[in-house]
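This report refers to the structure that appears directly beneath it.
Quick note: the coordinates plus some simple rules give every number you see, no bench work behind them. Everything numeric here is computed off the predicted structure, so don't read it as measured data. Here the Cβ is made from the backbone with ideal geometry for all residues, glycine too, and neighbour counts use every protein chain on show.
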């Protein structure tokens, strides 16, 4: 029987969703008192939740200044993309070898969600589908250490997709095409093509995210 979640975990989950859904903006200051009042809890679980999210890289806690939603600079983005590239280029071929049918099923379901989101012009739904697509490689790769390593950065990646990439119509079009190419390569068991498309897709995120930050005036 699963234990009920603690208040701190529930608060952390709610704040994480607020960040990933763009309800909270990158760099936004957070008030412990306001969060506690909104969620009808004391400040203790709020502090614990903020510490949890700090470990996930979603919150910056600055002494004497307070807590803020993370806001990356160009160097942060480049490092995060490089980290993701290393992990996903290892996970994807493993998923192709270990669980091709289950992986393909999840990839196809994610692309169907993307197409529905594009048709209805729902950028956040597109971003969620994008995250689910790439998560499938780690879910089915058969290596829990790779999955855990990706989990360290998955929240930040999901937030960047939602805040910086998904709102751009051109990005959604290119991303959709890339994901279709990856599915075709996966279905054909074409490891070389899969890695070529996946690698290009991931590395393009550095310029895409930094460019989006510059357009919003948020780049540091």
If you average the alpha carbon positions of the range 117-132 and of the range 77-92, how far apart do those two centres end up, in angstrom?
22
Ranking of 169, 139 by count of other Cβ atoms within 10 Å, fewest first
169, 139
Grab the Cα-Cα distance for residue 29 and residue 145, subtract it from 0.36 nm times how many residues apart they are, and report the gain in nm with one decimal.
38.4 nm
How far apart, in nm, are two points set 7 Å out from the Cα along the Cα-to-Cβ line at residue 97 and at residue 71?
4.4
Expected sort for 182, 39, 170 with the fewest Cβ neighbours (10 Å cutoff) up front is 170, 39, 182
Can you put 70, 126 in order, fewest other beta carbons within 10 Å first?
70, 126
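With r defined as the distance between the Cβ atoms of residue 187 and residue 21 and R0 fixed at 35 Å, what FRET efficiency is calculated, to the nearest 0.05?
0.65
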Mean separation of Cα contacts under 8 Å, 6 or more apart, over the residue count of the range 91-220: relative contact order %
28
Of 154, 173, 110, the one that fluctuates the most in a GNM where the chain has Cα springs shorter than 10 Å
173
The range 7-69 - Rg over Rh from alpha carbon coordinates, Kirkwood radius:
0.91
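Averaging sequence separations of C-alpha pairs under 8 Å and six or more residues apart, then dividing by the length of the range 7-69, give the relative contact order as a whole percent.
Values: 65 pairs, mean separation 26.3, N = 63.
Relative contact order here is 42 percent.
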Using Cα pairs under 8 angstrom and six or more residues apart, how large is the relative contact order of the chain, in percent?
24
Two-site FRET efficiency, residue 39 against residue 122, from Cβ-Cβ distance with R₀ of 35 Å, rounded to 0.05
0.85
Kindly give the semi-axes, whole Å and largest first, of the ellipsoid equivalent to the range 86-127, taking each as the square root of 5 times a Cα gyration tensor eigenvalue.
26, 13, 5
Highest-fluctuation residue, 187, 65, 105 considered, GNM on the chain with Cα pairs under 10 Å
65
Could you work out [θ]222 nm for the chain from helices alone, using -39500 (n - 2.57) per DSSP H run of at least four and dividing by all its residues? Round to the nearest 500 deg cm²/dmol.
-24500 deg cm²/dmol
